[in-house]
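For reference, the structure discussed in these notes is given below.
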């Protein structure tokens with residue numbers, strides 16, 4: 001991996017984590033309630049992998065799936081300026097096959 005590509009990947013990863021951090025902040029004036037986590041909560045966690053930034057820096061793409069690697073996931077392409085996503089399901093067999 002070239003240094004420029006590595007730098008873009010790091011920027012894309014930082015941008016993704018920044019978006020996730022901002023989206024989890026409670027609205028102003030609302031107290032944050034702490035929830036006790038259960039095993040069902042852990043099962044619902046997702047992991048983002050394969051984060052890639054487009055050469056012009058306008059888009060970031062990544063794969064989202066279950067944190068434990070089971071089940072189907074999706075590919076997400078996000079326009080950085082507008083934060084609009086295009087999501088494409090991925091997986092093995094179609095439902096009912």
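No lab work stands behind these numbers, since they all come straight from the coordinates. Note that this is a predicted model, so its numbers are computed, not measured. Counting neighbours? That spans all protein chains shown, and the Cβs are built from the backbone with ideal geometry, glycine included.
How much length, in nm to one decimal, is gained on full extension between residue 32 and residue 83, taken as 0.36 nm per residue of separation minus their Cα-Cα distance?
Values: separation 51, 0.36 × 51 = 18.36 nm, distance 2.50 nm.
Full extension from residue 32 to residue 83 adds 15.9 nm.
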Provide the FRET efficiency to the nearest 0.05 for the residue 58-residue 90 pair, computing r from the beta carbons and using R0 = 30 Å. 0.85
Take residue 46, project a point 7 Å from its Cα along the Cβ direction, then tell me which residues of the range 59-79 have their backbone nitrogen under 16 Å from it. 60-79
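How much FRET efficiency would the formula 1/(1 + (r/R0)^6) give for residue 39 and residue 9, where r is the Cβ-Cβ distance and R0 is 30 Å, rounded to 0.05? Could the numbers behind the result be given before it?
Values: r = 33 Å, r/R0 = 1.10.
Once rounded, the FRET efficiency stands at 0.35.
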